[in-house]
Amino acid sequence: MCDIEFEKNNDTVTQPGYTEEDVAFMREAMELAALAEEIDEVPVGALIVRDGQVIAKAYNTREHSKCATHHAEILAIEEACCALGGWRLPGCTLYVTMEPCAMCAGAIINARIPRVVFGAPDLRFGAFGSLINLADVPLNHKPEIVGGVLREENVGILRSYFKKKR
């Protein structure tokens, strides 16, 4: 059985408003997801863009590192903080192939990332609209969330990975 549920279409995670640039950066994140899959990690890739330039990129390494926090988003945020010299990431967009979990959503909010674009919704753990929506909690930062960019392609990558694992 697949660890991640994708079948339902949850309109709360699919918003209009993505651009051709969003699609191009999502494809780049998908290339990172493929690198994760090559080393038998859940194929999730993330990158952070500022002023049209990629400043950080990562993919899941949780199994290899034996560290629960080594999700693609967390690793990309750490790299972006180093690149920009601070813990706040203003003017950045995070692209990730799968909807962030609560841990990653919390890190995104704490890093003050203004915009998140994701591909596949995650109905079991998604924290930006599928299961819960941390962007709706009255915190001091509320990122713009755009979900469903290249949704079917991203869902297909994850489905294929988990099918091989069965």
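The values are calculated or read from the model by the stated rules, or taken from the named source; none is laboratory data. Quick caveat, the model's predicted, so the values are computed rather than measured. Neighbour counts are summed over all protein chains in view; Cβ atoms, including those assigned to glycine, are modelled from backbone coordinates with ideal geometry. Note: accessible area is taken over every heavy atom of the protein model, side chains too, but ligands, DNA and RNA are not part of it. Shrake-Rupley method; radii C 1.70, N 1.55, O 1.52, S 1.80 Å.
Which residues' amide hydrogens lie under 5 Å from the amide hydrogen of G147, considering only partners 5 or more residues apart or on another chain, with H built in the peptide plane?
Q15, F118
Tell me which residues come under 5 Å, amide H to amide H, from R124 once H is placed; ignore anything under 5 positions away on its chain.
Residues meeting the criterion, in which the H sits 1.01 Å from N, are E5.
Over the chain, give the accessible area per residue in Å² for a 1.4 Å probe, as an integer.
On a per-residue basis, the chain sits at 49 Å².
Counting alpha carbon pairs within less than 8 Å and at least 6 residues apart, what relative contact order, in whole percent, applies to the stretch 16-166?
Once divided by the residue count of the stretch 16-166, the mean separation gives 20 percent.
Quick one: with all protein chains in place, what share of the accessible area of the chain is carbon or sulfur, to the nearest percent (1.4 Å probe)?
53 percent
Once you have the Cα-Cα distance between E20 and D136, take 0.36 nm times their residue separation minus that, and quote the gain in nm to one decimal.
Value of the extension gain: 39.1 nm.
Test of understanding: extend the Cα→C-beta vector of A83 to 7 Å, then name every residue of the stretch 109-134 with backbone N under 20 Å from that spot.
Label zone hits: 109-119.
About its Cα centre, what dipole magnitude does the stretch 74-125 give when the only charges are +1 on Lys and Arg Cβ and -1 on Asp and Glu Cβ, stated in debye to the nearest 20?
180 debye
Where nothing but the Cβ of Lys and Arg (+1) and of Asp and Glu (-1) is charged, how large is the charge dipole of the chain around its Cα centre, in debye to the nearest 20?
With only Lys, Arg, Asp and Glu charged at Cβ, the dipole is about 360 debye.
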